[in-house]
Amino acid sequence: MEIVVNEWLLEYLRPDADESNKINAIKFVNAFVGRNDKIVIKRNSPFVNKFHNFMKLFGWDSDFKNRFSKLHNLLFCNSDKTIIVNYGDTKKLPQEIADITPPDDLYLMELWYLNQDRIVLTTDERLKDKLQQVNGLKICLLNEFLQKYL
């Protein structure tokens, strides 16, 4: 399975994150590592930018730094677990999809649109509600996904 994640994964691993969110993120990563699934990331996306910003912002926290170093190796150095899509490799979204997608989430839909067998994994209920009408889109909230994935 190819999984498109947005920034919830990073937010949930911050030092100041809610403990239950942190536990869910760690559960997801641990389950993901044990499977043959891949995470799909777009280079120069809000996800990648946030990853680098968090490394600078929270680098003082040794637990965080350890978690993010492992996550960096998993996401950016392991081609068996990650598909990194370059900026020019995406396709233009159909206007009807672009129109209903919040601007800061367009990169998620671009990643999905390249391979419509992918699943978009989010914690944003409003995003899921808006995009549920897109034909063929598999979009799932983290809590629902974890119930089946673990």
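The values are calculated or read from the model by the stated rules, or taken from the named source; none is laboratory data. In this text, all values refer to a predicted model and were calculated from it rather than measured experimentally. Note that we place each Cβ from the backbone using ideal geometry, even for glycine, and neighbour counts take in every protein chain shown. What goes into the accessible areas is simple: the full protein's heavy atoms, side chains included, and nothing from ligands, DNA or RNA. Shrake-Rupley method; radii C 1.70, N 1.55, O 1.52, S 1.80 Å.
Here are some notes:
Residue-wise test of (1) more than 22 Å from Val29 (Cβ to Cβ); (2) at pLDDT 95 or above.
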residue	(1), (2)
Tyr87	yes, no
Lys91	yes, no
Pro94	yes, yes
Asp99	yes, yes
Asp104	yes, no
Glu110	yes, yes
Tyr113	yes, yes
Leu121	no, yes
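- Of all residues in region 22-71 being of a type in the set (S, T, N, Q) and within 14 Å of Asn6 (Cβ to Cβ), the one that is least open to solvent (accessible area, probe 1.4 Å): Ser45
- Residue count for region 27-63, restricted to those that are within 24 Å of Leu150 (Cβ to Cβ), at pLDDT below 95 and within 15 Å of the chain's Cα centre (by Cα): 0
- Every residue from region 54-108 that is assigned to a helix (DSSP H, G or I) and touching a strand residue (DSSP E or B) at 6+ places or on another chain (Cβ under 8 Å): Leu74, Leu75, Phe76, Tyr87, Tyr107, Leu108
- Flag for Gln116 being within 17 Å of the chain's Cα centre (by Cα), open to solvent by 60 Å² or more (accessible area, probe 1.4 Å) and either over 26 Å from Arg14 (Cα atoms) or not aliphatic (A, V, I, L, M) (or both): yes
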